[in-house]
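*Asks:* What follows is a single structure, and I will ask about it in a moment.
The values are calculated or read from the model by the stated rules, or taken from the named source; none is laboratory data. Keep in mind that this is a model prediction, so the values were computed, not measured. FYI the Cβ positions are ideal-geometry reconstructions off the backbone, even for glycines, and counts take in every protein chain you see.
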Amino acid sequence: MATKSSRDRALLQFFVVVVFLFFAGGFLSIVRASESDEVEKSLKHVQQISTSNQQLASKELEELQAQQDKFTPAQLLHFRLIKASLLALFGKHQENISFINGFLNSEDEANTKSKFLYQLTISYLALGEYESALNTMNQGIAILPKVTDAIAQIDTLQSAIDLHNSIHAYQESLEYAQRMFDIQGSKLDISAAKCIASADRADIYVMLKQSSVANDHIKTAIEACDAINWHYISLIVESIGAIDLIENHHYQNGIDAGLTALKAFPESILNTKDATRLEESLATAYLHRGKLEEAEHFALMAYKTADSQKLAQQTEKSLETLALIKRAQGQYASALDYAEKAIEKKNALLDEELQKNIAYQRVKFNVQDQSNQVTMLERQNKILAIEKQLEKKNSENLTLIIALAFIVSAALGLYVWKVTLQKNVFRIKTQIDALTRISTRDHFLSCTEEIVEAHNQFVSLILFDMDFFKRINDNHGHAVGDWVLLAVCQTVSTQLRSGDLFGRLGGEEFAICLPDTDVTTAWQIAQRCRAAIEKINTEPSGVQFPLSASFGIAYLGLNDDRNFPALLEAADKALYQAKAEGRNCVVVSKSMGLPETPTPTTKANESSSIAA
């Protein structure tokens with residue numbers, strides 16, 4: 001199934017095993033009856049025990065590998081398919097990548113190659129190598145017209161859906177799901193394609209908040225999956241329906257449907273993202289119904305599974321839910337602890353999402369660039385053919401040749417212009433934050449490190465974080481939260497000088513680099529920014545509420561060690577102390593070694609502390 005980010009590693013492995021073990025048995029029919037029955041029995045046995053006894057399956061696979069020289073071509077291919085699938089299942093993704101790449105270039109048959117490309121995509125995705133995963137997926141899509149095996153087609157299209165869902169490219173995912181739905185073949189092939197494609201579309205439309213459309217696909221998916229006895233997928237689809245009910249505030253109906261699906265889940269699904277996602281939704285529903293004990297029970301179940309399975313997004317969501325539950329129970333210390341953990345996870349997810357989007361944009365640009373080059377070469381070849389014909393005519397056609405040459409030059413010039421423009425757009429996207437229009441985290445940190453490493457220069461670093469920003473999002477919605485972030489950035493920018501660098505580190509955390517600036521001046525600038533933020537009128541957002549921010553300052557003198565990580569850590573500790581001292585204040589770190597200058601005095605609502 002597709003999820004809100006990419007399908008997590010556990011779900012990818014689950015899907016691989018289900019599809020492979022269900023259909024790989026049919027592969028034996030291509031091996032002639034006269035060939036070694038023992039090899040076939042061993043291959044089949046490895047398949048059967050792969051999910052129940054991984055250690056024994058690995059041992060028998062090693063024994064089979066030692067007999068490769070005796071395999072027929074069909075047996076060797078069967079062995080490779082099983083090994084690739086099991087390496088992905090066992091989480092040995094780096095080994096799987098090396099194994100498949102060792103023979104992939106020599107594999108010409110489209111059906112077989114597409115299966116290996118699918119396994120390769122899964123392993124790249126599991127290792128976080130998004131650019132390689134996207135490139136491999138594109139190879140699979142490119143040969144799809146030559147693929148006649150329905151399961152190979154489903155595998156290839158599913159990998160495309162998973163990858164595009166992970167970067168929220170839902171329209172592209174729906175296009176691939178439609179291609180899967182239209183797969184032709186045997187009755188079983190068609191039903192399998194409709195089952196998985198409808199389930200994918202149901203999940204996508206739930207993520208798009210289009211419940212009525214999602215419900216139609218939920219019904220179609222359950223009917224198609226039950227028709228071929230794929231009841232485990234039907235249960236997952238039913239859980240998606242329960243989640244949709246809860247997200248649309250039908251809490252009791254969602255609880256009833258969710259509990260029914262969860263109780264029916266087989267053990268193989270209980271530790272996947274599908275079960276964790278349902279448990280977190282049940283916790284949310286119970287919280288809104290005021291049943292805090294049940295809410296905490298399911299939230300803890302979701303958190304423990306998500307954390308143990310390294311499901312980052314579900315871990316963050318379950319931590320947020322636990323924070324809300326603890327707040328409702330009046331356990332504010334626990335609520336704060338869960339909230340801080342959730343923020344930490346969310347920042348990590350934002351960084352991962354940025355890397356995915358950068359990889360996606362880079363691959364998309366390269367594909368477009370290659371397409372442009374192919375188109376240009378085709379045009380050039382056509383023009384060369386025309387020129388050869390024109391050479392046979394008399395000189396009166398010279399004008400036409402010159403005109404064609406001009407067209408080629410213009411086309412090449414246009415191509416160069418488009419490539420340059422695309423490169424500039426890509427560069428801007430990686431350096432400028434889309435919402436706030438200030439520097440991105442990577443760009444800010446890179447530029448600040450260069451400034452710090454320059455000798456004979458004072459450097460001050462300010463970190464600040466919006467106070468209680470999560471409450472704004474929870475109480476007034478993310479649209480108001482985005483308005484606050486933009487308003488704060490515009491306000492702070494007016495307080496800065498022309499040479500100062502302003503960047504967004506993630507979420508509601510920001511940083512200011514002040515070149516050639518001593519600590520006293522940095523403190524004054526931070527206080528101006530703090531006071532300006534406090535004076536922001538939020539009424540234009542549609543809601544009236546107070547704003548404040550906590551500031552931490554670190555400083556390097558002329559003779560200090562030019563250690564940027566230490567400077568950043570010192571500023572972060574000062575920011576943490578500002579929060580601990582009650583927020584809406586400025587704290588100066590002394591861990592970097594300040595000059596012998598008096599510490600600025602504090603005023604009402606303008607506290608300045610020195611971090612030890």
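*Asks:* How many residues, within region 532-575, are in contact with a strand residue (DSSP E or B) (Cβ under 7 Å, 6 or more places away or on another chain) and of a type in the set (Phe, Trp, Tyr)?
*Replies:* Of the residues in that region, 2 qualify.
*Asks:* Is it the case that some residue within region 432-443 is of a type in the set (Ser, Thr, Tyr), modelled with pLDDT under 70 and either outside the structural domain of residue 518 (by TED's automatic domain parsing) or on the phi > 0 side of the Ramachandran plot (or both)? Full working, then the answer.
*Replies:* So the first thing to find is which residues in region 432-443 are of a type in the set (Ser, Thr, Tyr), and the list is 436, 439-440.
Still in the running and modelled with pLDDT under 70: none.
Scanning region 432-443, I find no residue that is of a type in the set (Ser, Thr, Tyr), modelled with pLDDT under 70 and either outside the structural domain of residue 518 (by TED's automatic domain parsing) or on the phi > 0 side of the Ramachandran plot (or both), so the answer is no.
*Asks:* Can I ask one more? What pairs come up if the first residue lies in region 331-346 and is modelled with pLDDT under 90 and of a type outside the set (A, V, I, L, M), the second is loosely packed, with under 15 Cβ neighbours inside 10 Å and outside any helix (DSSP H, G or I), and their beta carbons are under 7 Å apart, counting only those six or more places apart or on different chains?
*Replies:* Short answer, once both residue conditions are applied: none.
*Asks:* Of all residues in region 111-132, which are among the aromatic types (Phe, Trp, Tyr) and under 24 Å from residue 78 (Cβ atoms)? Give the steps one after another, and end with the answer.
*Replies:* As a first pass, look at region 111-132 and keep what is among the aromatic types (Phe, Trp, Tyr): 116, 118, 124, 130.
Hits for region 111-132 are 116, 118, 124.
*Asks:* Out of 148, 121, 156, 112, report the one residue that is of a type outside the set (A, V, I, L, M, F, W, C) and outside any helix (DSSP H, G or I).
*Replies:* Values: 121 fails: outside any helix (DSSP H, G or I); 156 fails: outside any helix (DSSP H, G or I); 112 fails: outside any helix (DSSP H, G or I).
Only one candidate qualifies: 148.
*Asks:* Being closer than 20 Å to residue 226 by Cβ and either assigned to a helix (DSSP H, G or I) or in contact with a Cys (Cβ under 8 Å, 6 or more places away or on another chain) (or both) is the filter here, so list the residues in region 159-190 that pass it.
*Replies:* Restricting attention to region 159-190, the residues satisfying the condition of being closer than 20 Å to residue 226 by Cβ are 177, 180-181, 183, 185-190.
The answer is 177, 180, 181, 187, 188, 189, 190.
*Asks:* If you don't mind, another one. So is residue 77 modelled with pLDDT of 80 or more, under 30 Å from residue 204 (Cβ atoms) and in a helix (DSSP H, G or I) or not? Let's see the steps before the verdict.
*Replies:* Values: modelled with pLDDT of 80 or more: yes; under 30 Å from residue 204 (Cβ atoms): no; in a helix (DSSP H, G or I): yes.
When the stated conditions are applied, residue 77 does not pass them.
*Asks:* Given (1) surrounded by fewer than 24 Cβ atoms within 10 Å (Cβ to Cβ); (2) touching a residue at least 40 places away in the same chain (Cβ under 8 Å); (3) touching an Asp or Glu at 6+ places or on another chain (Cβ under 9 Å), where does residue 260 come up short, assuming only one miss?
*Replies:* (2)
*Asks:* Follow-up question, since we're still on this one. Can you pull out every residue in region 471-504 that is more than 24 Å from residue 520 (Cα to Cα), touching a residue at least 40 places away in the same chain (Cβ under 8 Å), buried (at least 18 other Cβ atoms within 10 Å of the Cβ) and not aromatic (Phe, Trp, Tyr)?
*Replies:* Passing the criteria: 472, 484, 485, 487.
*Asks:* Among the helices (runs of 4 or more DSSP H) lying completely within region 452-570, list those that include at least 3 residues that are among the aliphatic types (A, V, I, L, M). Give the steps one after another, and end with the answer.
*Replies:* Working: elements: 469-476, 478-495, 519-534.
Ranges flagged: 478-495, 519-534.
*Asks:* Let me ask another. Condition check: among the polar types (S, T, N, Q), under 22 Å from residue 342 (Cβ atoms) and modelled with pLDDT of 95 or more. Does residue 550 satisfy that?
*Replies:* On the way: among the polar types (S, T, N, Q): yes; under 22 Å from residue 342 (Cβ atoms): yes; modelled with pLDDT of 95 or more: yes.
Yes.
*Asks:* Let me ask another. I'd like the full set of residues that are over 21 Å from residue 451 (Cβ atoms) and either β-branched (Val, Ile, Thr) or in contact with a Lys or Arg (Cβ under 9 Å, 6 or more places away or on another chain) (or both), limited to region 556-592.
*Replies:* Listed by number, the residues that qualify are 584, 585, 586, 587.
*Asks:* Give region 230-271 a look and list any residue that's under 24 Å from the mean Cα position of the chain (by Cα) and more than 15 Å from residue 298 (Cα to Cα), or say none.
*Replies:* 233, 236, 237, 240, 241, 244, 247, 269
*Asks:* For region 277-330, give me the residue count where each residue is among the basic types (Lys, Arg), in contact (Cβ under 8 Å) with a residue 24 or more places away in the chain and not in a helix (DSSP H, G or I).
*Replies:* 2
*Asks:* Could I ask something else about it? Between a first residue in region 197-210 that is more than 25 Å from residue 152 (Cα to Cα) and a second residue that is acidic (Asp, Glu), which pairs have beta carbons less than 8 Å apart while being 6 or more apart in sequence or on different chains?
*Replies:* Partner pairs satisfying both residue conditions: 206/244; 206/247; 209/247.
*Asks:* Within region 80-109, count every residue that is outside any helix (DSSP H, G or I) and more than 20 Å from residue 141 (Cα to Cα). Give the steps one after another, and end with the answer.
*Replies:* First pass over region 80-109, keeping only residues outside any helix (DSSP H, G or I): 90-92, 102-103, 107-109.
Adding the requirement that they be more than 20 Å from residue 141 (Cα to Cα) leaves 90-92, 102.
Residues in region 80-109 being outside any helix (DSSP H, G or I) and more than 20 Å from residue 141 (Cα to Cα): 4 in total.
*Asks:* Filter region 37-90 down to the residues that are within 22 Å of residue 122 (Cα to Cα), surrounded by 13 or more Cβ atoms within 10 Å (Cβ to Cβ) and hydroxyl-bearing (Ser, Thr, Tyr), then identify the one that is farthest from the chain's Cα centre (by Cα).
*Replies:* Only one residue tops the list, namely 58.
*Asks:* I'd like the full set of residues that are under 23 Å from the mean Cα position of the chain (by Cα) and surrounded by fewer than 18 Cβ atoms within 10 Å (Cβ to Cβ), limited to region 320-340.
*Replies:* The answer is 340, and nothing else.
*Asks:* Given (1) surrounded by fewer than 17 Cβ atoms within 10 Å (Cβ to Cβ); (2) modelled with pLDDT of 90 or more; (3) over 28 Å from residue 237 (Cβ atoms), where does residue 304 come up short, assuming only one miss?
*Replies:* With (1) surrounded by fewer than 17 Cβ atoms within 10 Å (Cβ to Cβ); (2) modelled with pLDDT of 90 or more; (3) over 28 Å from residue 237 (Cβ atoms) applied to residue 304, the lone miss is (3).
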